[in-house]
Amino acid sequence: MQNHKSIEQLWILEHCSSHTRQQFAKLGRITAYPKNHHCLRAREKNANIFFILSGKVHIYTLTKNGSKKVLFILGKNHIANGNLTDHYNTTFCETMEPCQMYVIRREHLLSLMEQDFRLTKALLHYQERKLWRLEHQLKNTVGSIYLERKLAAKLWKLARDFGIRTEKGILIDIDLSITFLADLLGVPRENASRACKKLTDYRLITIEKKKIYILDAERMAVFYKDGVLETL
């Protein structure tokens, strides 16, 4: 019963009718997944929609040469699926740490959307925001902007979404290996390593065992937007 009550308070149901909230909570299940588990694989058929309750996942695709390109890192109050209506996945979803998700069959969700337009509107709004984020990220990934500025933009965003303030600076609460950062930027590992070293030399970040600290978020923002290194 307590699980049902907590699911009824899910962000996507905020403006829905009590009947929709109750039905949504009854039709799905809370499922735990371990670290490094693939919930979704591109081009595979899937009947479920995954609402993230806790933990973090990364959403990625594969380039033509088979390299991984990370599109999103998502946590609580996000949906792991790239699409809601098609039965075939368009992206991969892999857990970065132990996660809990609310899993509901697509057919049940679509039926509830037909019955309650407020649910449909909330999901459309979510997908629009996700598309805006993807467009914004693409602007920071391609083009003439220097790689270290691209990395600074990615890290600043992660610090905003998953940051914890500490005496050392803002800790990004995710294990970020050089390999993962390369996948995030869509570049070879060596290039990502050089970009990290430059940001460290600029005294924008410090790295300790896959943990990255943002030393000054405002200075980092000025750098990735304008390429200007303000003096300390």
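Points to keep in mind about this one:
- Net charge over other residues, Cβ less than 13 angstrom from the Cβ of ALA182 (K, R count +1; D, E count -1): +4
- In the chain, helices alone account for a calculated mean residue ellipticity at 222 nm of -13500 deg cm²/dmol, with every DSSP H run of four or more residues adding -39,500 (n - 2.57).
- Residue-normalised accessible area of the range 10-155, given per residue in Å² at a 1.4 Å probe: 51 Å²
- Entry for Cα extents along the principal axes in Å (calculated from the structure that is shown) out of (i) 57, 41, 30; (ii) 44, 43, 33; (iii) 43, 39, 30: (i)
- Each of SER6, SER193, HIS136 was placed along the dipole of the chain (beta-carbon charges, centred on the mean Cα), and the one lying farthest toward the positive end is SER193.
- Between 0 and 90°, nearest 10: helix 18-27 axis offset from the chain longest Cα axis: 80 degrees
- Computed FRET value (nearest 0.05) for GLU167 with ARG118, which takes r as the C-beta separation and R₀ as 30 Å: 0.10
- Magnitude of the charge dipole for the chain, about its Cα centre and with charges confined to Cβ atoms of Lys, Arg (+1) and Asp, Glu (-1), is about 320 debye.
- Among LYS210, LYS64, LYS130: highest mean-square fluctuation, GNM of the chain, C-alpha pairs under 10 Å: LYS64
- Accessible-area composition of the chain, carbon plus sulfur, in percent [1.4 Å probe]: 50 percent
- Residue with peak Gaussian network fluctuation, the chain [Cα springs, cutoff 10 Å], from ILE214, ILE104, ILE164: ILE164
The values are calculated or read from the model by the stated rules, or taken from the named source; none is laboratory data. Values in this document were obtained by computation on a predicted structure and should not be read as measured data. When we count neighbours, we look across all protein chains shown, and the Cβ atoms used for this are built from the backbone with ideal geometry, even at glycine. Surface accessibility is based on the protein's heavy atoms, side chains included, excluding ligands, DNA and RNA. Shrake-Rupley method; radii C 1.70, N 1.55, O 1.52, S 1.80 Å.
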